[in-house]
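Any read-out appearing in this document is the output of simple, stated calculations on the displayed coordinates, not a laboratory observation. Keep in mind that what you see is a predicted model, and the values were worked out from it rather than measured. Cβ: placed from backbone, ideal geometry, glycine included. Neighbour counts: every protein chain shown.
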Amino acid sequence: MSNHWNQGQPRRQGPSSSSRIVPILVVGILCIVVLGIFVNACAKREGFSALSWASKLTGKSAGDADETVPWDYQLTEATVGDLIGGDMTLLPGNELMPNDDNYGTGDKIWVLSYMGAVLKAGADNRADITLTSWKPIKSYKTKTAGEADLAELKLDLKTEVDLIGVYKTTYQGTAREFAILQLPSGQIVKQPIDEDRYAKLKPLKKVGVVLEEVHDYSHYDLAYAKFRGWAA
């Protein structure tokens, strides 16, 4: 009797395990998506803050913490040393470079060398500068030919730049004056000035300067401007 009675009554079933798991999975997926969006937004915000200064200097988008800009060139005389395949060594430093003009050991030549600057942006939106070693990039039979190329890579320009302001500090009775400039590349530079220039610059918003514009030898449109003095 008891068995027949139980079979005749509807059985009460609790929630199945699968029905309990589905809401948990949905909530978990939503949490992961929200967390991912939050982390990505933070990363983008921090990346822009860290790289904006270096990006202004190079003209590149902020996508890498390290940017290399052209820093300087020099033209020096050297002696051809050992010939190694299609390359040659330069004395006295034994630098290795291609022997494109078929020089012989002992020949006196002129060599154009390049130095770059690696800009590493930090979280404080400032850039640390590390200079590379000199690298020989081109050889010449005459000094005149080398100077012609050098004149195209390093240009002295007179221009007007934004004067952010001037300020004065005093320490133990000694006063020092400074001017803060923004170069066309976006770089902010601080220059010591004397009292006369401090008084002259104080009311100005623009100021004439001399810049040295250093172009990259393999990508001429990439240039780095250095402050080289006052135009007047």
Item to check | Alpha-carbon centroids, the range 96-172 and the range 176-207: separation in whole Å | outcome: 25 Å
Checklist entry - For the range 154-230, what is the charge dipole size about the Cα centre, in debye to the nearest 20, if Lys and Arg each add +1 at the Cβ and Asp and Glu each add -1 at the Cβ? => result 320 debye
Checklist entry - Considering only Cα-Cα distances, which of the following residue pairs are longer than 27 Å: K158/K200; K120/K154; K120/K141; K120/K205; K202/K226? => result K120/K141; K120/K205
Item to check | Cα lying deepest toward the dipole's positive end in the range 154-230, options Y217, G173, W230, charges on Cβ | outcome: G173
Checklist entry - Based on the Cβ-Cβ distance of V189 and D87, what FRET efficiency does E = 1/(1 + (r/R0)^6) give at R0 = 41 Å, to the nearest 0.05? => result 0.55
Item to check | L131-S218 pseudo-label distance in nm [points 7 Å out on the Cα-to-Cβ vector] | outcome: 2.2 nm
Checklist entry - Under a Cβ-Cβ cut-off of 13 Å, what is the net charge of the residues other than D82 that fall near it, where Lys and Arg count +1 and Asp and Glu count -1? => result -3
